[in-house]
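*Asks:* The structure's right below; bear with me while I get my questions together.
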Amino acid sequence: MSRSYSFALPLVLAVTMALGPLSIDAYLPAFPAMAEAMGVGIGEVARSLSIYIFGLAIGQLVGGPLSDRIGRPRVMYAGLAIFIAASLGITQVDDLNLLLMLRGLQAFGGGWIMVLVPALVRDQVRGRDAAKLFSMIGLIMVVAPGLAPSLGSALLAMGDWHAIFWFLALYALGVIPLQARVVLRHARPIDVTHHHDSLLTRYRFVLATRAALPFIALQAFAFSVMMLFITHASFIYQAHFGQSESAFSLMFGANILIMLLVNLTNRAVLNRFTSRQILITCLCAQFLGVLMLALATWLEVSVWLFLPAMMLTIGAQGAVAPNNQACFMEYFERHGGTAASLLGASQFGIAGTLSALSTLLPETLGWVIASMFVCSLVCVIVIVGALRPRRVR
C-alpha cells in the first residue's frame, strides 16, 4: 500500500543515489595529476574506474539480499561506513595498488548504498506513485553526472587530487543524518517469516518470477545504449566531426537537457498512462533514434543533422529507467532488496562489459552506432517477444 510522502523523501533518496555518479565522474579531471603523483600512466589510473564499476555490481549483489534479511537501516549505515572508511583511506595513499584496492572497497560499500534506493521506494509506494518517485529521483541522477567533473575540477584547483576523496567522505557522512531522519525511520520491518532464507533462496525466488525477468534485460541493454555513447562521445564529436572542446561540451550537454525534459514530462504523462505503456513507447523512440543515427552515418551527414538523432536516442533514457524500475519492483512485495540488487548489478555489469568490449572494435563512427543499434534491437526483441500484460503474483 502506498503512503503519502513529502518532497524531502525523493530529495534524500536522490542525494543518496548521487554518490554513484559523484564517485565515478568527480575524479576524472584528476587522472593526469594522480598519474604524475604515482609515477604511472593515465591508463593505469583509469583502471580504478573499471574496478569501481564492477565493485559496484558485486556490492549490490550482496547488499540487496542482506537488507532483506537484517533490515534496510543496518545495511545502509554499514554501506556508508565502508564507503567513508575507504574514501578516507584513499586520501592517505600515493600508491596505485593501494588506490585500486581501496576503490574496490569503496565501490563495494557504494553498491550497498545504491541498491537500497529502489528497495526503499518499493517498500513505501507502488504503481504510478513508484514511477513518479523514481522520476523525481532521476532528475538529480541526470544532473549529477554532468556537474561532477566540474566539481572535481574545482576541488582540484583548491588542493591536490586527495581533496576529491575528502569531499566524497564528507558527503557520505552528511547522508547519514538525512537517511536517519527522512527515510530509514519509515523502513519496513524485517519479514520474520523469511528471515532465515539463504542468499541463494532469495535469488531463486526473484529469478523464478518470470514475468519480471524481461525488465532486467531492458534495464541493462537500454542503459548500455547510453553507456556506449558516453564511452565514445569524445571520439564522435571531436575526432570524427572535428568539433572544439567547447562545442563538444554543448553537444554533450544537449543530451542531458533532453533527458531532463523527458524525465519531467514523464511525471505528467503518468497521470494518463501506465508505466508499462510509457516504457514501451520510449524504448521504441530510442530504437527510432538509433535507426536515424545509422542512416545519418551511412549518408555521412553533418553534425547538425546527426545531433538531433542522438538527442532522441539518449533523451529517451530519461523515462526508460524510472518506468522500468517501477514495473520490475512491482513484482516483489518481499525480497525487494534482492530484486533491486539483481536489477542494478545486471545494469552495471552488462553495460560496463559491453562498453569495455566496444573499445576493442575499430574506432569508427560506424562501429559505435552498430554497437548501439544491437543493444537497442535487443530491447525491441524483448518488447515483442516477452513484454505482454500479465497479472502480478
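*Asks:* Specify the residue with the greatest mean-square fluctuation among 246, 23, 346, computed from a Gaussian network of the chain linking alpha-carbon atoms under 10 Å apart.
*Replies:* Its mean-square fluctuation being the largest, the pick is 246.
*Asks:* Across region 93-98, in residue order, what do the Karplus-derived ³J(HN,Hα) couplings come to in whole Hz, using 6.51 cos²θ - 1.76 cosθ + 1.60 with θ = phi - 60° and x for Gly and Pro?
*Replies:* 10, 9, 10, 4, 4, 5
*Asks:* Moving on. Which Cα, out of 331, 281, 229, lies furthest along the positive dipole direction of the chain (beta carbon charges, K/R +1, D/E -1)?
*Replies:* 331
*Asks:* Hey, another quick one. Rg to Rh ratio, region 225-323, alpha-carbon atoms and Kirkwood radius? Walk me through the intermediate numbers first.
*Replies:* Values: Rg = 14.2 Å, Rh = 14.0 Å.
Value, to two decimals: 1.01.
*Asks:* Oh, and also: Return the tail of the calculated pair distribution for the chain, meaning the percent of Cα-Cα pairs more than 37 Å apart. Mind showing how you got there, number by number?
*Replies:* Details: 14517 of 77028 pairs.
More than 37 Å apart: 19 percent of the Cα pairs in the chain.
*Asks:* Please check: in the Gaussian network model of the chain (C-alpha springs, under 10 Å), which one of 328, 248, 83 has the largest mean-square fluctuation.
*Replies:* So, out of 328, 248, 83, the one fluctuating most is 248.
*Asks:* Using the crude model of +1 on Lys and Arg Cβ and -1 on Asp and Glu Cβ, and no other charge, please compute the dipole size for the chain relative to its Cα centre, in debye to 20.
*Replies:* Values: 24 positive and 16 negative charges, 419 e Å.
Around 2020 debye, computed over the chain.
*Asks:* Sorted from largest down, give the three principal axis spans of the alpha carbons of region 1-78, whole angstrom values.
*Replies:* Here the Cα extents, ordered largest to smallest, are 55, 29, 17 Å.
*Asks:* While we're here: If I take R0 = 30 Å and measure r between the Cβ atoms of residue 40 and residue 367 in this structure, what FRET efficiency does the formula 1/(1 + (r/R0)^6) give, to the nearest 0.05? Provide the component values of the computation, followed by the final result.
*Replies:* On the way: r = 29 Å, r/R0 = 0.98.
E(calc), rounded to 0.05, equals 0.55.
*Asks:* Hey, what's the per residue convex hull volume over the C-alpha atoms of region 256-393, in cubic angstrom? Provide the component values of the computation, followed by the final result.
*Replies:* Values: hull volume 17.1 nm³, N = 138.
Taking only Cα atoms, region 256-393 has a hull volume of 124 Å³ per residue.
*Asks:* How compact and how long is region 320-393, expressed as Rg and Dmax of its alpha-carbon atoms in Å?
*Replies:* Calculated on Cα positions, Rg and Dmax stand at 15.5, 47 Å.
*Asks:* Where the accessible area of the chain is counted over protein heavy atoms with a 1.4 Å probe, how much of it, in %, is carbon and sulfur?
*Replies:* Working: 11350 of 16630 Å².
Of all accessible area on the chain, carbon and sulfur atoms account for 68 percent.
*Asks:* Right, something else. Hey, can you find the accessible area per residue of the chain for me, probe 1.4 Å, expressed in square angstrom?
*Replies:* On the way: 16630 Å² over 393 residues.
Accessible area per residue: 42 Å².
*Asks:* Given the DSSP H assignment, sum -39500 (n - 2.57) over each helix run of at least 4 residues in the chain and divide by its residue total; what's the result at 222 nm in deg cm²/dmol, nearest 500? Write down the numbers at each step before the final one.
*Replies:* Values: 16 runs with 303 residues, N = 393.
Theoretical 222 nm ellipticity from helices: -26500 deg cm²/dmol.
*Asks:* With r defined as the distance between the Cβ atoms of residue 357 and residue 185 and R0 fixed at 56 Å, what FRET efficiency is calculated, to the nearest 0.05?
*Replies:* Working: r = 44 Å, r/R0 = 0.78.
The formula returns an efficiency of 0.80 here.
*Asks:* I'd like to compare 30-37, 371-378: which one has the highest average count of other Cβ atoms within 10 Å, and what's the full order after that? Walk me through the intermediate numbers first.
*Replies:* Numbers: 30-37: 17.4, 371-378: 20.4.
So the peptides 30-37, 371-378, ranked by packing, come out 371-378, 30-37.
*Asks:* Got a sec? Charge dipole of region 45-105, +1 on Cβ for Lys and Arg, -1 for Asp and Glu; which of 93, 50, 80 is way out at the positive end?
*Replies:* With unit charges placed on the Cβ atoms, the residue in question is 80.
*Asks:* How much length would be gained if the chain were fully extended between residue 173 and residue 288, taking 0.36 nm per residue of separation minus their Cα-Cα distance, in nm to one decimal?
*Replies:* On the way: separation 115, 0.36 × 115 = 41.40 nm, distance 4.33 nm.
Result: 37.1 nm gained on full extension.
*Asks:* Taking the chain as a Gaussian network, Cα atoms linked when under 10 Å apart, which of 79, 110, 89 shows the biggest mean-square fluctuation?
*Replies:* Sorting by GNM fluctuation, first place goes to 89.
*Asks:* For region 305-348, report the % of Cα-Cα distances exceeding 15 Å. Write out the running numbers ahead of the final one.
*Replies:* Working: 524 of 946 pairs.
Above the 15 Å cut-off, region 305-348 has 55 percent of its Cα pairs.
*Asks:* Can you work out the FRET efficiency for the pair residue 70 and residue 8, with r the C-beta to C-beta distance and R0 = 25 Å, to the nearest 0.05?
*Replies:* Values: r = 26 Å, r/R0 = 1.03.
After rounding to 0.05, the efficiency reads 0.45.
The values are calculated or read from the model by the stated rules, or taken from the named source; none is laboratory data. Treat the numbers as computed from the prediction; the structure is a model and nothing was measured. Cβ sites come from the backbone with ideal geometry, for glycine too, and all protein chains shown count toward neighbours. Remember, those area values only see protein heavy atoms, side chains included, never the ligands or the DNA or RNA. Shrake-Rupley method; radii C 1.70, N 1.55, O 1.52, S 1.80 Å.
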